[in-house]
Amino acid sequence: MIIGVLGAGQMGGGIAQTAAQSGMDVLLADANLELAEKGRSKIDAQLKKQVEKGKLTDGDREKIMGRIKAVNGVQGLASVNLVVEAVSEKPELKFQIFKQLDEVCSKETILASNTSSISITRIAAQTKRPEKVIGMHFMNPVPVMKLVEGIRAIQTSDDTAKKTRDVAEKMGKTYVEVRDIPGFAVNRILMPMINEAVTTLYEGIASVEDIDTAMKLGTNQPMGPLTLADFIGLDTCLAIMEVLHEGLGDSKYRPCPLLKQYVSAGWMGKKSGRGFYKYDV
């Protein structure tokens, strides 16, 4: 099986790496070949760290990298059996990409989106094969996190759902099927918690460090919600909250003003060097 991954950033790179580690051939695409090659190089750097730690042999690293080929844009994905789109959480961008994939890929190719909140039904409606469109929501970091949410659009066929589950399980993931409702399952629960943690900071109830410590020790979470928000990306958290707020129409999903302010300032979390904490980038 040949897997296509569109988007060579953190999520796309993680999906490509995980697929290759499970023995699949991967075509990694981005807006241009340079970006795709850059994403491939980052995967190699991650694998070299695993070699240095003794968790992977250099020979295995070479085999994994040999299964990943960088290609130039959507046009480079014509031969894949399943493509996972992993670009920014912008509805219009995803709609445009799925129209392009629909034209380029074989009629038998399954088109999956790694969206964390955008309606799969709306994405599927952009194509002439809505029955072959599905959500395949990986968790970050993909090589470590075991879960994949499988989101069926109202149009998704049973055959598409089964084949997608098979691919996820071959990648070593646990697959849970959820309805196409804003936020799906994980983010419907997680993002309001993160947003409430930001509101707790905004209202001066506790400091960043004390909020995270309280949640780690008080609820046995491995990572505090503000640290987790930084790892996810504050822009992504905001985008998901906006989808929840708009899609469900309930004020409890209104994004915290402080979250909006951080994003406006360019404080996106770990990837930008600053969020609720500061990082070396």
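The values are calculated or read from the model by the stated rules, or taken from the named source; none is laboratory data. Since the model is a prediction, treat every value here as computed from it, not as a measurement. Here the Cβ is made from the backbone with ideal geometry for all residues, glycine too, and neighbour counts use every protein chain on show.
Observations
- Subset of region 126-135 that is of a type outside the set (A, V, I, L, M, F, W, C) and over 14 Å from Val178 (Cα atoms) - its residue that is surrounded by the most Cβ atoms within 10 Å (Cβ to Cβ): Lys132
- When Ile154 is tested against the conditions (1) of a type outside the set (S, T, N, Q); (2) closer than 17 Å to Val5 by Cβ; (3) surrounded by fewer than 22 Cβ atoms within 10 Å (Cβ to Cβ), the lone failure is (2).
- Contact annotation: residue pairs with Cβ atoms under 6 Å, 6 or more positions apart or on different chains, pairing a residue in region 198-216 that is under 13 Å from Asp230 (Cβ atoms) and in the same structural domain as Cys237 (by TED's automatic domain parsing) with a partner that is among the hydroxyl-bearing types (Ser, Thr, Tyr) and assigned to a helix (DSSP H, G or I), are Ile211/Thr200; Asp212/Thr227.
- Filter result (free of Cβ contacts under 8 Å to residues at least 60 places away in the same chain and small (Gly, Ala, Ser)) within region 222-254: Gly224, Ala229, Gly233, Gly249, Ser251
- For the residues Ile43, Ile2, the requirement of being crowded, with 23+ Cβ neighbours inside 10 Å, closer than 21 Å to Gly172 by Cα and not small (Gly, Ala, Ser) singles out Ile43.
- Selection count, region 136-151, where residues are without any contact (Cβ under 8 Å) to a residue 40 or more places away in the chain and either of a type in the set (D, E, K, R) or surrounded by 14 or more Cβ atoms within 10 Å (Cβ to Cβ) (or both): 7
- Restricting attention to region 46-62 and to residues that are of a type in the set (Lys, Arg) and surrounded by 13 or more Cβ atoms within 10 Å (Cβ to Cβ), the residue that is nearest to Gln17 (Cα to Cα) turns out to be Arg61.
- You will find that of Lys42, Lys63, the residue that is part of a helix (DSSP H, G or I), under 14 Å from Met11 (Cβ atoms) and either in contact with a helix residue (DSSP H, G or I) (Cβ under 6 Å, 6 or more places away or on another chain) or of a type outside the set (Gly, Ala, Ser) (or both) is Lys42 and no other.
- Residue within region 165-183 that is buried (at least 20 other Cβ atoms within 10 Å of the Cβ), at positive phi, in contact with a helix residue (DSSP H, G or I) (Cβ under 9 Å, 6 or more places away or on another chain) and not β-branched (Val, Ile, Thr) present: yes
Table: residues versus (1) more than 21 Å from Lys146 (Cβ to Cβ); (2) part of a helix (DSSP H, G or I); (3) modelled with pLDDT under 95.
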residue	(1), (2), (3)
Pro192	yes, yes, no
Phe231	no, yes, yes
Ala239	yes, yes, yes
Val243	yes, yes, yes
Leu259	yes, yes, no
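- Breaking point among (1) within 30 Å of Leu244 (Cα to Cα); (2) without any contact (Cβ under 8 Å) to a residue 24 or more places away in the chain, for Val51: (1)
- Subset of region 67-115 [among the charged types (D, E, K, R), touching a residue at least 24 places away in the same chain (Cβ under 8 Å), surrounded by fewer than 16 Cβ atoms within 10 Å (Cβ to Cβ) and in a helix (DSSP H, G or I)]: Lys99
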